[in-house]
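K.L.:
The structure is given below, and queries will be raised subsequently.
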Amino acid sequence: MAREKCLGGLCVFSHNARGSSARSLKLLETATGQIALAVENALLFAETRRYAAEMDGLVRARTAELEATNQELEAFSYSISHDLRAPLRAVDGFSRMLEEKCGASLDAEGRRLLGVVRGETQHMAALIDNLLAFARLGRAAMSPRLLDMHALVGEVWAEIRASEPARVAELETGELPPALADGPLLRQVWVNLLGNAFKYTRRRVQAKIVITGERAGQETVYHIADNGVGFDMRYADQLFTVFHRLHRDEEFEGTGVGLALAQRIVRRHGGRIWAEGAVDQGATFHLALPAATATVSRQPFPLQP
C-alpha cells in the first residue's frame, strides 16, 4: 500500500514452524511500504515524462502556428506598405500637380475640394504608417537600459514645440525617476502622451502641462496632467482601443492609434497605463513601469515655453 492505494501483493514463506516473530513482521511491513513507495514514484516519474512529452509536442505545434501567423502578418504588412501606399502616393502626387498647374483656374470650391483630397490622402497614409507600427510592435526586439526621463521628456517636448512654435504652452516637470526600458519604444510613448497633451490644450490661451513621477512599491509611476479639453470618464475604457476617438476630426486631428500603441509598448515592459479626466477640465494620464534598480540623480526643472 502507498497513500491508501494498493499497488500489488507480496507473498512470504517461512521454514520456521513457529512462524515469524513480531520483529520480523515489522521489518517486512516496513520493507513492503518502502517498495510500494518506490513503485509509486517510478509510476509517477513515467507519467510525468509522458505528460512532459505531450506538452512539448503541444508547445512545438503552437510555436509552429505562431511562426506561420507571424509570416502571414509580415506578408500583410508588406501588402499594406506596397499595395496600398503606391496608389496613395499616386493620388497625392497627381492632386499636387493639379493644384500647381490648374489651381489658378479653379474656383474657391474647386480648390477646397482639391485640398480635401490631398488632406484625406495624407491622413490615410499616416493611418497606414500607424497601423504598421502597431502590428510590428509585438515582434520588435527590446533592449532595456536605464533611461534618464528628464532628458527623454525634454527631447520629445522640444520636437513637439517645434511643430507649432507660435503657440504659448508651458511644460513643468517635477522629479522624474529613471526607468529601465527600451529607449526608442518608450520615446514613442512620450511622443504620444505629450503630443496629445499639446494637441488637446490648443484652445487654451495659456496651455500648461505638468509631469511628475515617484516610486510606488515595485513601480515607478509618472503622471502627465494638462488643462485641455479633457474627456468624459464614461468613455475612458475606449481611449486605448484602436480607432476609437472621443473627439471628431473637425475638432482635433488624429488616427485613433497612438494611445493603443502606447499601451501596447507599456504592457511589453510589464507596466500599465490609465487616464482620468473631466470634460473641459483637463486630463491626467498615468504611466507605471517596473521600478529600476539603479538611480540617476536629477533635480526638478521647468521647461520654458
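K.L.:
What single numbered condition from (1) surrounded by fewer than 16 Cβ atoms within 10 Å (Cβ to Cβ); (2) touching a strand residue (DSSP E or B) at 6+ places or on another chain (Cβ under 8 Å); (3) not acidic (Asp, Glu) fails to hold for residue 213?
P.N.:
With respect to (1) surrounded by fewer than 16 Cβ atoms within 10 Å (Cβ to Cβ); (2) touching a strand residue (DSSP E or B) at 6+ places or on another chain (Cβ under 8 Å); (3) not acidic (Asp, Glu), residue 213 is out only on (1).
K.L.:
Tell me the residue from 141, 197, 162 that is farther than 19 Å from residue 220 by Cβ, in a loop (DSSP other than H, G, I, E, B) and not β-branched (Val, Ile, Thr), please.
P.N.:
141 is the lone residue from the list that is farther than 19 Å from residue 220 by Cβ, in a loop (DSSP other than H, G, I, E, B) and not β-branched (Val, Ile, Thr).
K.L.:
Filter the stretch 15-56 down to residues that are of a type in the set (S, T, N, Q) and surrounded by 10 or more Cβ atoms within 10 Å (Cβ to Cβ) and give me whichever is modelled with the highest pLDDT. Give the steps one after another, and end with the answer.
P.N.:
Narrowing the stretch 15-56 to residues of a type in the set (S, T, N, Q): 16, 20-21, 24, 30, 32, 34, 41, 48.
When the remaining residues are screened for being surrounded by 10 or more Cβ atoms within 10 Å (Cβ to Cβ), the result is 20-21, 24, 30, 32, 34, 41, 48.
Values: 20: 61, 21: 66, 24: 69, 30: 79, 32: 75, 34: 77, 41: 80, 48: 88.
Filtering the stretch 15-56 for residues that are of a type in the set (S, T, N, Q) and surrounded by 10 or more Cβ atoms within 10 Å (Cβ to Cβ), the one modelled with the highest pLDDT comes out as 48.
K.L.:
Let me ask something else. Residue 254 is checked against (1) at pLDDT below 70; (2) in contact with a Gly (Cβ under 6 Å, 6 or more places away or on another chain) and fails just one. What number does that condition carry?
P.N.:
(2)
K.L.:
Consider the stretch 221-246. How many of its residues are touching a helix residue (DSSP H, G or I) at 6+ places or on another chain (Cβ under 9 Å) and of a type in the set (Ser, Thr, Tyr)?
P.N.:
The total comes to 2.
K.L.:
Can you list residue pairs whose Cβ atoms sit under 7 Å apart, with the first residue in the stretch 148-165 being farther than 16 Å from residue 199 by Cβ and the second being surrounded by fewer than 14 Cβ atoms within 10 Å (Cβ to Cβ) and among the hydrophobic types (A, V, I, L, M, F, W, C)? Count only pairs 6 or more apart in sequence or on different chains.
P.N.:
So the pair list comes out empty.
K.L.:
Considering (1) β-branched (Val, Ile, Thr); (2) modelled with pLDDT of 70 or more; (3) in a loop (DSSP other than H, G, I, E, B), say which one residue 12 fails and leave the rest.
P.N.:
(2)
K.L.:
Now for a separate question. Answer yes or no as to whether residue 265 is in contact with a strand residue (DSSP E or B) (Cβ under 6 Å, 6 or more places away or on another chain), modelled with pLDDT of 85 or more and either in the same structural domain as residue 173 (by TED's automatic domain parsing) or not small (Gly, Ala, Ser) (or both).
P.N.:
No.
K.L.:
Looking only at the stretch 202-218, count every residue that is at pLDDT below 90 and within 23 Å of residue 261 (Cβ to Cβ) and tell me the total.
P.N.:
The qualifying residues number 1.
The values are calculated or read from the model by the stated rules, or taken from the named source; none is laboratory data. No experiment lies behind these values; they were computed from the predicted model shown. Cβ atoms come from the backbone with ideal geometry, glycine included; neighbour counts cover every protein chain shown.
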